[in-house]
Amino acid sequence: MNHAETIENDKGDIKLVRIIYDHRKSEAWIEFNSLKDQDYPNQDVVWDNDEFIFGKFYKFLIRYKCNKLKKNDKKKYDDVWSILNQDVVSELIDMLEFALEKKWYEFEK
C-alpha cells in the first residue's frame, strides 16, 4: 500500500509532501500553492526534485536567512522569490529540517 505524508507551513500555502511506495522507496516534492507556474498558468508551482529541494534549495534558504545571498540567487529562485521573506524562509527551513529528522530524504543515494 502506498501512502503520503505532508508538512505544511502555518498558512497552508506551502506543502512539503512525501509519498512512500510499497517497495519502501519514497519521493518528495514541494508545492507553492500561492504561486502560479509561468509555463502552466492553471497550475501552482511544484518542485519534484527532492535532491534539489533538500540540497541546493535548503542551502539557498540558509544563505537567505543569514543575508549571504549569491549574485545569481534571485534569478535562480525567481519562481518563488516573490513570496520570500525572513518568516517564510524560516518556515521553509523548519519544514525541511523536520522532514530530514523524519528521514524523508537521505543524502546517500
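What follows is calculated from the coordinates using simple rules that are stated; it is not laboratory data. Remember, it's a predicted structure, so these values are computed and weren't measured experimentally. With ideal geometry, Cβ positions are generated from the backbone for all residues, glycine too; neighbour counts draw on all protein chains shown.
Of the chain, which part is the longest with no chymotrypsin sites (Phe, Trp or Tyr not before Pro) in a loop (DSSP not H, G, I, E, B) and with at most 12 other C-beta atoms within 10 angstrom?
Working: sites that count: Tyr21, Phe107.
Longest run free of exposed loop sites: 22-106.
Compute the relative contact order of the chain as a whole-number percentage, counting only Cα pairs closer than 8 Å that sit 6 or more residues apart in sequence.
Across the chain, relative contact order equals 22 percent.
For the Cα atoms of the chain, what angle does the longest principal axis make with the long axis of helix 86-101, in degrees from 0 to 90, nearest 10?
That works out to roughly 20 degrees.
If you average 1/r over all unlike Cα pairs in the stretch 3-101 and invert the result, what Kirkwood radius do you get in angstrom?
The answer is 14.1 Å.
Determine which lysines satisfy two conditions relative to Lys102: a Cα distance under 16 Å, and not lying fewer than 8 residues away in the same chain.
Lys15, Lys25
Based on the Cβ-Cβ distance of Tyr21 and Asp78, what FRET efficiency does E = 1/(1 + (r/R0)^6) give at R0 = 25 Å, to the nearest 0.05?
That gives a FRET efficiency of 0.20.
Using +1 at the C-beta of Lys and Arg and -1 at the C-beta of Asp and Glu, which of Val17, Thr6, Tyr64 has the Cα lying farthest in the positive direction of the dipole of the chain?
Tyr64
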